[in-house]
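Worksheet: the structure to be examined is printed underneath.
Rule-based calculations on the coordinates, nothing more; no lab input. Owing to the predicted nature of the structure, the values given are computational and were not obtained by experimental measurement. With ideal geometry, Cβ positions are generated from the backbone for all residues, glycine too; neighbour counts draw on all protein chains shown.
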Amino acid sequence: MNRIFSGIQPTGNLHLGNYLGAIRNWVALQKDFDCIFCIVDLHAITLPQEPAALRSSTREVAAAYIAAGVDPDHCTIFNQSTVPGHSQLAWVLGCMTPLGWLNRMTQFKEKAGKQRDMAGLGLYSYPVLMAADILLYKATHVPVGEDQKQHLELARDIAGAFNRAYGVEYFPLPEPQIFGTATRVMSLRDGTKKMSKSDPSDYSRINMTDDADTVALKIRRAKTDPLPLPDSVEGLSERPEAENLIDIYAALAGVGREAALAEFAGAQFSQFKERLADLAVSVLGPIGAEMKRLVAAPDHVDAILARGAARANAVAEPHLAEIYELVGMLRPQHAR
């Protein structure tokens, strides 16, 4: 069976964009793929983290996966740092990744900003660790958003470089898993910007843990324009806030843009927002309630993560032993 690998950083405030853009689609993937869904805490510490908050956020992300419908008995759910092979393979792959390849990575430039000389090595080599995450399990497919496509291309380049260096076809070249239903959710305060957990305004996003009243209030306060909703997709051009809210409605309702517009053509935003709020509450309410229940039972979540780590290590350790053999590293006799 083809294998999926994907993950989310445990940096708090999972929101509607994480659900519609990633987690919801993972639920469908588990039917047809061997799925490994990671909480990438090693990636998280490429920027400063408060230890207690990191532990709490790791459990919250695991809870979100499970509450949204990812089955821990069918999929492998674990936090990245509990599988040493991620860091070990990242070193091997980093030794054959040219600096020129990493210098082209735009996300490092964006995150480091003007303080690039003070940025940590981990942030710079983040894409190599991401490649190791994927290749450690010989994943064949990776669900990616627009902001990660460049990193997946690098993972393919690194896999190819390893295969050529050792004259083998060891690593598959992972393919992007593209969804027709994946939704790029924008800020509720500015339709030209992606919904983000780092936005200082909580009203810019709908958090997965928001209660029904908060979800409804945020939608009612979402930025719009003075015109009624159009009757065609073309009518959304140059209307980013209208486009964003229609996209959210269509994604939550499981319909296309055209169907959503046909339902609300000519309607005022006040009428449309009430329907959108009701729909969002009906979908997200049960997920948020289950997340809160799980987060309140940390021992239960930790047990799920521990089982997932054992399953992940059972795949990773034999692969790492084979990789070390190819590279020429001696292994203790008991590990052969």
Computed ³J(HN,Hα) along the stretch 37-48: with the Karplus parameters 6.51/-1.76/1.60, θ = phi - 60°, integer Hz and x for glycine or proline, the list is 10, 10, 9, 8, 6, 5, 5, 4, 7, 5, 10, x
Fewest to most neighbouring Cβ within 10 Å: what's the order for S196, S81?
-> S196, S81
Straight-distance crosslink candidates among aspartates and glutamates, where the alpha carbon sits under 13 Å from K31 and sequence neighbours closer than 8 are dropped | D71, D73
Unpartnered cysteines of the chain (Cβ-Cβ under 4.7 Å counts as a partner)?
-> C38, C95
If amide H atoms are built 1.01 Å from N in the plane of the peptide, which residues on other chains or at least 5 residues away come under 5 Å of the amide H of H15?
-> M208
If you find the alpha carbon centre of the stretch 1-71 and of the stretch 95-119, how far apart are they in angstrom?
-> 24 Å
With each label point set 7 Å from Cα along the Cα-Cβ vector, what nm distance links Q115 and K193?
-> 1.9 nm
222 nm mean residue ellipticity, helices alone, for the chain (DSSP H n ≥ 4; -39,500 (n - 2.57); rounded to 500) | -15500 deg cm²/dmol
Hey, quick one: spin label on A314, modelled 7 Å out along Cα-Cβ, who in the stretch 58-97 has an amide N within reach, i.e. under 16 Å?
-> 72-78, 83
Taking H as built 1.01 Å from N, whose amide H comes closer than 5 Å to the amide H of V142, not counting residues under 5 places away?
-> E175, Q177
Note, ³J(HN,Hα) from phi for the stretch 19-31, Karplus 6.51, -1.76, 1.60, rounded to Hz, x at Gly and Pro = 5, 6, x, 9, 4, 4, 6, 4, 4, 6, 5, 5, 6
Can you give the extra length, in nm with one decimal, that the chain gains between A306 and S56 once fully stretched, where that is 0.36 nm per residue apart less the Cα-Cα distance?
-> 88.4 nm
First obtain the Kirkwood hydrodynamic radius of the chain from its Cα pairs, then insert it into the Stokes-Einstein equation at 37 °C and 0.692 mPa s, and state the resulting D in µm² per second as a whole number.
-> 154 µm²/s
One finds, for D202 and V233 with R0 = 30 angstrom and r their Cβ-Cβ distance, a FRET efficiency to the nearest 0.05 of 0.50
By Cβ neighbour count within 10 Å, fewest first, K218, K31, K138 rank K31, K138, K218
Using R₀ = 41 Å, calculate the FRET efficiency as 1/(1 + (r/R₀)^6) where r is the Cβ-Cβ separation of L279 and A165; round to 0.05.
-> 0.20
How far is it, in nm, from the label point at L123 to the one at T106 when both lie 7 Å from their Cα along the line to the Cβ?
-> 1.9 nm
Report the percentage of all Cα-Cα pairs in the stretch 1-132 whose separation exceeds 17 Å, rounded to a whole percent.
-> 63 percent
What is the Cα centroid distance between the stretch 229-292 and the stretch 142-178, reported in whole angstrom?
-> 36 Å
Would you grab the residues whose amide H sits under 5 Å from the one on M186? Only those 5+ places off in sequence or on another chain, please, with H modelled 1.01 Å from N.
-> M195
From the backbone phi of the stretch 216-230, what are the Karplus-calculated ³J(HN,Hα) couplings (6.51 cos²θ - 1.76 cosθ + 1.60, θ = phi - 60°) in whole Hz, Gly and Pro given as x?
-> 4, 5, 5, 5, 5, 8, 4, 5, 9, 10, x, 7, x, 5, x
What lysines sit close enough to K193 to cross-link, taking a C-alpha to C-alpha distance under 30 Å and skipping anything fewer than 8 places away on the same chain?
-> K109, K111, K114, K149, K218, K223, K273, K292
